[in-house]
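Written out below as structure tokens is the structure these notes cover.
The values are calculated or read from the model by the stated rules, or taken from the named source; none is laboratory data. Please read these numbers as outputs of a predicted model, since none were measured by experiment. With ideal geometry, Cβ positions are generated from the backbone for all residues, glycine too; neighbour counts draw on all protein chains shown.
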Amino acid sequence: MKPTRDQRLWMYEAMYRSRRLDDAVLAAYMEGKTPVFHMGKGPLPGEMHQSFGQEPCAAGVCVHLGKDDAVGAGHRPHHVAVARGVDLKKMVAELFGKKTGLSGGRGGHMHLYSAEVNFFSSGIIAEGMGPGAGMALARKMQGKPGIAVAYIGDGAANQGAFHEVLNMVGLWKLPFICVIEDNKYGVSVHKKDSTAIDRNSDRAAAYGIAGEFVSGNDPDLIFEAAGRAVQRARSGQGGSILELETERLHGHFIGDSGGYRPDAERKAMKDPIPAYRDRLLAEKVSSVAEMTSLEAKVQGQVDEAMRFGRESEYPDATDALKRLYA
Amino acid sequence: MAQPVPAAAAGSERTLTMARAGREAVFSEMRKNPDMFVIGEDVAKLGGVFGTTVGMAEEFGASRIIDTPISETGFIGIATGAAMAGMRPIVEIAFVDFIGVCFNQIYNFAAKTHYMSGGQFKVPLTFMIGYGGGYNDAAQHSQTLFATLGHVPGIKIVTPADAYDAKGLMASCLQDDNVTVWMVHKRLWGLGWLGFPLPKALATVPEHDYTIPFGQSRIWREGGDVTIVGLGLTVHNALQAAEQLASEGISAEVLDLRSVVPLDREGIFKSVAKTGRLVVADEDYMSFGVTSEVLAVVAERDPTVLKAPAVRVAYPDVPVPFSRPMEDFCLPNVERIVAAVKSTMKGKQ
């Protein structure tokens, strides 16, 4: 199944929104952190793992999802949250630690939760596997429609949770998709130095589920493979591993210069967003005027969200003691 | 505050073991709530290693009583996600020692999700866990670990000492919208293969449903000279110690915490303020544990109520040894409690 014109524009817009957000966050993050970099300083303190280059993985999968579905992301969650439709203003406010944030400032950038779109993220590697599959189990037990998708990185496929959960996904035929974003690095360690086989999607055979590897960081190809996995899940045929070759254009987090990556590899990195824009124009899917207008709209949304995040109030300090229990 | 156990209506009560009483609460809540299910190792065909789920697979079927692979991280994660999506899972971990396998999923995700989500996601998830030694099962199957779980914010922990509390505290856990842990000492279950149940662990249990609030301790025996605080099995050891001490003219009050989290700080202090002496008995490791926290209650509120230094009778800070004389030496048994109480009474007579 090839994407329609609307779906291709939706994917471009989702990728572009994530990118403009990450650009704005990067600029704001560096405020107060020069000339001496201190992670705890500035309006956006703490670790910041950005999604530069990995946007196609979010857009190409989430375009298939509806309100009944659930999505879990990892420690690099921005592109997935954006493609899932998490409220941008509340999300940015959460990054700033503000009262108006998704969790009132209790979560932060790695712990984004939005119940209204069944979205969560976790900063511990592969930790979303179980909860994601549990959301799939709940839908099955309650006889409700919907599937669940958990995003992890290629490094997370070496965690025990990955294997334990996929075994149960296969055993119980859960409507679940494990999306592996293969950016080839777990912080500084290359996949070839951490993983005994080339493709984690091959591990699907061990759990009786489907596995597919998609090369090229290409939204259209991801769309097609994701469509197959979603169809399997929705029709009761069970789970899938979808391993998506992608590119981490920046360091592991802001402040990581990525000096461990070979120069040739860094020079060969391609940014998927301008490439996709060029393709949509070359194939006459869209016009320059339409693209420009779409981009201006998205930039406006990002600017507004950043302004909202900055200008919102901090929570009362004593709110730290609230919300432990339901 | 400490409360006496209310008398049950005549004619509606039976004497039950703790395993049966706890199970009765699960049956009742499962019948009322179709979103509730049990998941864990050996819960369906076997009925739980400690008999927690006997008969449930027959009544509720394989879709609600789910045998899992030996994958604690996996199924606890799955249960957490199911809870976030509106289900009410009950997770069996037969031996508390096994939380070492899957603790990340408990303390970094299940316990924190309500808070980290700013209250958007509830995690109504109840663990049924066995703990404790005294039957030579050695270092990896005999631990108590109240403090390991209790140290993590976001988890409520109860440990009944008799069948009446087993049912009421289980019902409270199952009705709560948070991560709750119902822990029972293995020697209290009432399983033949771990010895006959201690007489006081058996109790008359009403057939009707009831709950026991979290954080409400229970006075098993009133006394005027010393407060012995215990929980789970150490309540029974404390009661035996109190009997023995009474014959020597020492009047001991026995306070059962029932909840580790939340802790009945008011109840503890009220009793110690009355008796002026404190002994705390716990089978968990001594340092940074329940015994330390109970002493902190008195130290923070008013240490001048103490007429003598408080004494802790806990597990020494070593792994549980296998050999019978070594394990017996380490347990917070009656003799150690009696000796501790006497040390607080020095100079009184």
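Here is how the numbers come out for the structure above:
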| quantity | calculated |
| --- | --- |
| Helices (runs of 4 or more DSSP H) wholly inside the stretch A:175-276 containing at least 3 residues that are buried (at least 17 other Cβ atoms within 10 Å of the Cβ) | A:219-234 |
| Test: residue in the stretch B:136-146 that is under 21 Å from B:E41 (Cα atoms), part of a loop (DSSP other than H, G, I, E, B) and acidic (D, E) | yes |
| Selection from the stretch A:5-32 of residues that are without any contact (Cβ under 8 Å) to a residue 60 or more places away in the chain and over 17 Å from A:P77 (Cα atoms) | A:D6, A:W10, A:A27, A:E31, A:G32 |
| Condition check for B:A9: more than 18 Å from the chain's Cα centre (by Cα), at pLDDT below 95 and not assigned by TED's automatic domain parsing to the domain that holds B:Y107 | yes |
| 1 or more residues touching a Pro at 6+ places or on another chain (Cβ under 7 Å) and not charged (D, E, K, R): qualifying helices (runs of 4 or more DSSP H) within the stretch A:60-149 | A:129-141 |
| Residues of the stretch B:80-132 classified as within 7 Å of chain A (Cβ to nearest Cβ) and basic (K, R), total | 1 |
| B:V313 under 17 Å from B:L255 (Cβ atoms), in contact (Cβ under 8 Å) with a residue 24 or more places away in the chain and in contact with a Phe, Trp or Tyr (Cβ under 7 Å, 6 or more places away or on another chain) | no |
| Yes/no for B:F95 being crowded, with 24+ Cβ neighbours inside 10 Å and either in contact with an Asp or Glu (Cβ under 9 Å, 6 or more places away or on another chain) or of a type in the set (K, R) (or both) | no |
| Members of the stretch A:307-326 found to be more than 14 Å from chain B (Cβ to nearest Cβ), surrounded by fewer than 14 Cβ atoms within 10 Å (Cβ to Cβ) and among the hydrophobic types (A, V, I, L, M, F, W, C), listed by number | A:A317 |
| Filter pass, A:A28 being small (G, A, S), more than 27 Å from B:K112 (Cα to Cα), surrounded by fewer than 24 Cβ atoms within 10 Å (Cβ to Cβ) and modelled with pLDDT of 95 or more | yes |
| Among the residues listed as B:I39, B:I70, the single one being touching a strand residue (DSSP E or B) at 6+ places or on another chain (Cβ under 6 Å), of a type in the set (A, V, I, L, M), within 12 Å of another protein chain (Cβ to nearest Cβ) and not in a helix (DSSP H, G or I) | B:I39 |
| Residues of the stretch A:34-45 satisfying the condition of being in contact (Cβ under 8 Å) with a residue 40 or more places away in the chain and either surrounded by 14 or more Cβ atoms within 10 Å (Cβ to Cβ) or within 13 Å of A:H109 (Cβ to Cβ) (or both) | A:M39, A:P43, A:L44, A:P45 |
| Candidates A:G251, A:G239, A:G259, filtered to the one that is within 23 Å of A:T195 (Cβ to Cβ) and touching a Leu at 6+ places or on another chain (Cβ under 7 Å) | A:G239 |
| Out of B:G154, B:G133, B:G195, sole residue that is over 21 Å from B:T15 (Cβ atoms), in the same structural domain as B:A21 (by TED's automatic domain parsing), surrounded by fewer than 23 Cβ atoms within 10 Å (Cβ to Cβ) and not β-branched (V, I, T) | B:G154 |
| Test: residue in the stretch B:204-226 that is over 17 Å from the mean Cα position of the chain (by Cα), under 30 Å from B:E300 (Cα atoms) and not in a loop (DSSP other than H, G, I, E, B) | yes |
| Any hit, the stretch B:257-266, residues being outside the structural domain of B:T144 (by TED's automatic domain parsing), closer than 21 Å to B:V334 by Cβ and crowded, with 18+ Cβ neighbours inside 10 Å | yes |
| Condition met for A:L137 (within 12 Å of another protein chain (Cβ to nearest Cβ), in contact with an Asp or Glu (Cβ under 7 Å, 6 or more places away or on another chain), closer than 21 Å to B:A110 by Cα and crowded, with 24+ Cβ neighbours inside 10 Å) | no |
| Filtered residues of the stretch B:165-192 (kept if surrounded by fewer than 18 Cβ atoms within 10 Å (Cβ to Cβ) and under 22 Å from B:L125 (Cβ atoms)) | B:Q175, B:D177 |
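Here's the yes/no breakdown for (1) within 14 Å of chain B (Cβ to nearest Cβ); (2) touching a residue at least 24 places away in the same chain (Cβ under 8 Å); (3) at positive phi; (4) surrounded by fewer than 24 Cβ atoms within 10 Å (Cβ to Cβ):
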site	(1), (2), (3), (4)
A:E55	no, yes, no, no
A:G60	no, yes, no, no
A:H64	no, yes, no, yes
A:G74	yes, yes, no, no
A:A93	yes, yes, no, no
A:G105	yes, yes, yes, yes
